[in-house]
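Here the structure comes first, spelled out in structure tokens, and everything after it is commentary.
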Amino acid sequence: MGAPPGYRPSAWVHLLHQLPRADFQLRPVPSGFSPQEQAYQQALLLVAALAGLGLGLSLIFIAVYLIRFCCCRPPEPPGAKSPPPGGGCVTWSCIAALLVGCSGVGIGFYGNSETSDGVSQLSSALLHANHTLSAIDHLVLETVERLGEAVSTELTTLEEVLAQRTELVAATRGARRQAEAVAQQVQGLAFWQGVPLSPLQVAEDVSFIEEYRWLAYVLLLLLELLVCLFTLLGLAKQSKWLVIVMTVMSLLVLVLSWGSMGLEAATAVGLSDFCSSPDTYVLNLTQEETGLGSDILSYYFLCNQAVSNPFQQRLTQCQRALANIHSQLQGLEREAVPQFPSAQVSGVGDPTGTLNVTEGNFHQLVALLHCRGLHKDYGAALRGLCEDALEGLLFLLLFSLLSAGALAATLCSLPRAWALFPPSDDYDDTDDDDPFNPQESKRFVQWQSSI
């Protein structure tokens with residue numbers, strides 16, 4: 001099968017396509033794209049479940065670390081005011097983890113944009129293909145209407161005018177029969193007419209889903225960015241309540257990061273299976289949804305020398321018939337006008353003008369029915385889905401990985417950094433001249449008693 005112009009499976013497609021797959025019973029599953037099979041669905045769900053396993057392990061690790069920190073910490077000597085050794089290292093390690101999380105947010109924004117661009121390219125290709133198919137239907141309808149008008153009105157009138165010449169009437173009737181035959185032949189060229197599958201509807205559905213996917217990822221990215229920034233602010237201000245709130249939010253974002261990682265991994269693996277050999281699946285799915293013949297679909301999806309144009313014979317017959325009708329009308333004009341001046345008044349030239357317009361429409365129809373246009377749209381859709389969208393998914397996967405690692409390190413470091421903060425009832429940072437300062441009030445009472 002010939003690949004669409006400009007599309008070749010990338011190295012990431014080959015790498016992900018070669019990853020081993022297994023169902024819930026850990027039996028090997030072929031890597032061919034077959035989403036309708038239960039074993040393949042289980043394989044993708046198992047890939048997504050690996051992220052759930054990672055979430056469980058990270059939560060267990062964080063819980064064990066925090067329990068060890070709370071229960072196995074040596075007691076501080078009474079009256080000790082200096083921070084324990086290594087406190088600054090803990091704080092800076094927490095800050096470094098948060099900065100890694102912020103850099104992961106930047107990667108996530110780039111990946112989200114790339115994925116959106118790929119899906120937009122897919123939607124644009126579907127819309128252009130729908131425009132081509134609609135133009136074919138419109139030209140077929142217009143051509144049939146013009147031929148029907150020429151047969152029912154102009155040629156019928158001409159036949160009545162030339163009723164005295166039997167040979168001219170026979171020539172006119174022959175042109176009528178050929179025009180009727182051409183109209184029937186042309187009507188069969190609208191191969192997409194009445195097909196239940198609409199590229200426009202598919203494009204609208206894809207755009208609708210992508211709009212909410214893009215918005216959900218933007219909200220997730222902004223949420224993590226705010227968590228990182230407010231956690232850094234809490235560490236800088238040594239605000240215990242802010243650090244506690246951000247610890248809870250970090251735990252929530254950690255769960256969301258692992259969940260998005262599972263979805264991204266399963267989608268990337270399934271998309272790589274599709275992009276490694278898309279023609280077979282697209283042909284079978286389109287034939288099942290539309291009911292069109294495999295010769296028509298193979299011609300437009302493959303568009304190579306091995307597949308002939310299924311409309312070539314019909315187009316050739318129509319072109320020859322139009323040429324014969326045109327020559328017959330020109331002969332009738334040469335012979336009938338000198339002998340029947342009323343033929344000129346009745347409009348011998350009108351069928352010729354209608355035929356000229358019909359031939360122009362027919363040439364446009366021949367160009368649109370060639371496989372180049374629709375095959376180019378097919379290639380653009382594959383490039384958008386298998387290059388930009390897949391690359392964006394991989395960047396989103398990297399974002400989720402960095403986010404999960406950074407938030408896990410932050411959750412382990414925050415309690416130790418929180419322990420270094422001064423007590424909440426410490427008023428050392430208050431103004432000594434403040435009359436509401438307890439220390440200042442105590443001095444004032446002592447001064448009054450001494451007087």
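The values are calculated or read from the model by the stated rules, or taken from the named source; none is laboratory data. Just so we're clear, the structure is a prediction, and the values are computed from it rather than from any experiment. Note that each Cβ is placed from the backbone with ideal geometry, even for glycine, and that neighbours are counted across all protein chains shown. Just so you know, the surface numbers come from the protein's heavy atoms only, side chains and all, with ligands and any DNA or RNA stripped out. Shrake-Rupley method; radii C 1.70, N 1.55, O 1.52, S 1.80 Å.
Run the numbers for Leu200 and Ile60: contour at 0.36 nm per residue of separation, minus the present Cα-Cα distance, in nm. Don't jump to the answer; show the numbers that get you there.
Values: separation 140, 0.36 × 140 = 50.40 nm, distance 4.86 nm.
In short, 45.5 nm is gained.
Phi angles across region 60-70 convert, under the Karplus curve 6.51 cos²θ - 1.76 cosθ + 1.60 with θ = phi - 60°, into 3J(HN,Hα) values of 5, 4, 5, 5, 5, 5, 5, 5, 5, 5, 7 Hz, Gly and Pro given as x.
Given R₀ = 41 Å, FRET efficiency for Ile244-Leu50 by Cβ-Cβ distance, to 0.05? The partial results should precede the final answer.
Numbers: r = 32 Å, r/R0 = 0.77.
Using R0 = 41 Å, I get an efficiency of 0.85.
Under the simplified labelling scheme, the Gln193-Thr290 pair shows an inter-label distance of 1.6 nm, with each label point 7 Å from Cα along Cα→Cβ. Taking H as built 1.01 Å from N, whose amide H comes closer than 5 Å to the amide H of Ala22, not counting residues under 5 places away? Excluding prolines and chain starts, which carry no amide H, the hits are Val29.
Applied to region 92-97, the Karplus parametrisation 6.51 cos²θ - 1.76 cosθ + 1.60 on θ = phi - 60° returns per-residue 3J(HN,Hα) values of 5, 5, 5, 5, 4, 5 Hz, with x for Gly and Pro.
Given the Cα-Cα distance of Asp137 and Ala306 and 0.36 nm per residue of separation, how much length would full extension add, in nm?
Values: separation 169, 0.36 × 169 = 60.84 nm, distance 2.68 nm.
My answer for the length gained is 58.2 nm.
Model label sites at Ala170 and Ala22, defined 7 Å from Cα along the beta-carbon direction, differ in position by 8.4 nm. So how far apart, in nm, are the two label points at Ile209 and Leu233 if each is 7 Å from Cα heading toward Cβ? Distance between label points: 3.8 nm. For region 217-328, with all protein chains in place and a probe radius of 1.4 Å, 63% of the accessible heavy-atom surface sits on carbon or sulfur.
For Ile325, Ile67, write out the residues from largest to smallest accessible area, computed with a 1.4 angstrom probe and no ligands counted. Mind dumping the intermediate values first?
Details: Ile325 5, Ile67 105 Å².
I get Ile67, Ile325, largest accessible area first.
Counting heavy atoms of the protein chains alone, Met246 has an accessible area of about 20 Å² for a 1.4 Å probe.
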